[in-house]
Amino acid sequence: MKIAFVGKGGSGKTTLSSLFIRHLAASGAPVIAVDADINQHLGPALGLDEAEAAALPAMGDRLPLIKDYLRGTNPRIASAATMIKTTPPGEGSRLLRVREDNPVYDACARPVELDGGAVRLMVTGPFTDADLGVACYHSKTGAVELCLNHLVDGREEYVVVDMTAGSDSFASGMFTRFDVTFLVAEPTRKGVSVYRQYKEYARDFGVELKVVGNKVQGPDDLDFLRAEVGEDLLVTVGHSDWVRAMEKGRPPRFDSLEETNRDALERLRTTADAAYGRRDRERYTRQMVHFHLKNAQSWGNERTGADLAAQVDPGFVLGESVTAPA
């Protein structure tokens, strides 16, 4: 299952996504965790210290390797240099699977040990001095989008992505790459404004959007969220001593998380699991192609000097039954 956590800056989306990742890992489920926000906070939220987090390999810095591997023997892609962030897979492309080992994971993923299990963590990487004033963050997140386009996951396999803050996710087609999107919202006017934006932008793309109310302190907060987001409100999360200890760098064992918050995390998991049965693989692939053609026409053809529409394999549908090239 591909799961996104979104929300305005400071809403607690990284905290909630890290708790969800811990919850999945504690059950023994295979998990790939991706920090797709250039403000890199997911690693520390999963218990890494500053040095360990800084040492994580940046996906954006390894884009040539990623492209070369994913291209495989796809005859529609003349060279890895003509691949852009939206390039879709086709016959001959190499795909990524959650449980396997491959050169992309070797280069970009690192294991993070958690209570009861371990997860693979991948990060876009932060801005560097060389990026300042000359690069936009999409040059970093493009590697994540390309990997998601080529990633095949099955039932009870989880890819959890901590997305960029606010509605910036709509600057690419990455917002359509998920089975379910959890939007973390505080019970304030600013807290629900991103929800309204996300709901409006995603309306025509079949995005399954559920709201997680965070920092809810009482009935008034709950009533406010219900009034503002209606049936999209899935669960709420209140104060947590466990989270407070985690933010101080001294997290207790995860099984000591408050029961109400454990129940909320389990509700997220059952919601994600239920979305598996509603997967529309043809629509997923069609949306991938839609955004690729838009990017090709807007800037990709000019930048690569190639007709990127020719990369589209009209008979290809991304799904679990696709076999890897020999």
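The values are calculated or read from the model by the stated rules, or taken from the named source; none is laboratory data. Given the structure is predicted, the values throughout are model-derived calculations rather than measurements. Note: ideal-geometry Cβ built from the backbone for every residue, glycine included; neighbour counts use all protein chains shown. Quick note on the areas: whole protein, heavy atoms, side chains included, nothing else; ligands and nucleic acids left out. Shrake-Rupley method; radii C 1.70, N 1.55, O 1.52, S 1.80 Å.
Keeping to the range 96-110, report how many residues are out of contact with any Pro (no Cβ under 6 Å at 6 or more places or on another chain) and either outside any helix (DSSP H, G or I) or within 20 Å of Asp307 (Cβ to Cβ) (or both).
Going through the range 96-110, the residues out of contact with any Pro (no Cβ under 6 Å at 6 or more places or on another chain) turn out to be 96-97, 100-107, 109-110.
Going one step further and asking which of them are either outside any helix (DSSP H, G or I) or within 20 Å of Asp307 (Cβ to Cβ) (or both), we end up with 96-97, 100-102, 109-110.
Qualifying residue count for the region: 7.
Return the pairs, sorted by first residue and then second, in which the second residue is among the acidic types (Asp, Glu), the first residue lies in the range 1-29 and is farther than 20 Å from Thr164 by Cα, the beta carbons are less than 8 Å apart, and the residues are 6+ apart or on different chains.
Close Cβ pairs (under 8 Å, with a partner that is among the acidic types (Asp, Glu)) amount to Arg22/Asp115; His23/Glu266; Ala25/Asp115; Ala26/Asp115; Ala26/Asp255; Ala29/Glu156; Ala29/Glu157.
Modelled with pLDDT of 90 or more and under 19 Å from Leu16 (Cα atoms): which single residue out of Val194, Val160, Val207 fits that description?
Step by step, each of Val194, Val160, Val207 is checked, and only Val160 is modelled with pLDDT of 90 or more and under 19 Å from Leu16 (Cα atoms).
I need the full set of residues from the range 50-88 which are at negative phi, part of a loop (DSSP other than H, G, I, E, B), out of contact with any Asp or Glu (no Cβ under 7 Å at 6 or more places or on another chain) and touching a residue at least 24 places away in the same chain (Cβ under 8 Å), in order please.
Correct list: Leu56, Pro57, Thr73, Ile77, Ala78, Met83, Ile84, Thr87, Pro88.
Any residue in the range 66-86 that is touching a Leu at 6+ places or on another chain (Cβ under 7 Å), modelled with pLDDT of 95 or more, surrounded by fewer than 19 Cβ atoms within 10 Å (Cβ to Cβ) and not hydroxyl-bearing (Ser, Thr, Tyr)?
Taking every residue of the range 66-86 in turn, none turns out to be touching a Leu at 6+ places or on another chain (Cβ under 7 Å), modelled with pLDDT of 95 or more, surrounded by fewer than 19 Cβ atoms within 10 Å (Cβ to Cβ) and not hydroxyl-bearing (Ser, Thr, Tyr).
Do you know which of the residues in the range 27-42 that are under 13 Å from Gly117 (Cα atoms) and not hydrophobic (A, V, I, L, M, F, W, C) is nearest to the chain's Cα centre (by Cα)?
Pro30
How many residues does the range 96-127 hold that are at pLDDT 95 or above, surrounded by 16 or more Cβ atoms within 10 Å (Cβ to Cβ), touching a helix residue (DSSP H, G or I) at 6+ places or on another chain (Cβ under 8 Å) and among the aliphatic types (A, V, I, L, M)?
The number of residues fulfilling the criteria is 7.
Say we look at the range 283-304 and pick out the residues that are over 8 Å from Ile84 (Cβ atoms) and β-branched (Val, Ile, Thr); which of these is most open to solvent (accessible area, probe 1.4 Å)?
Filtering first and then ranking leaves Val289.
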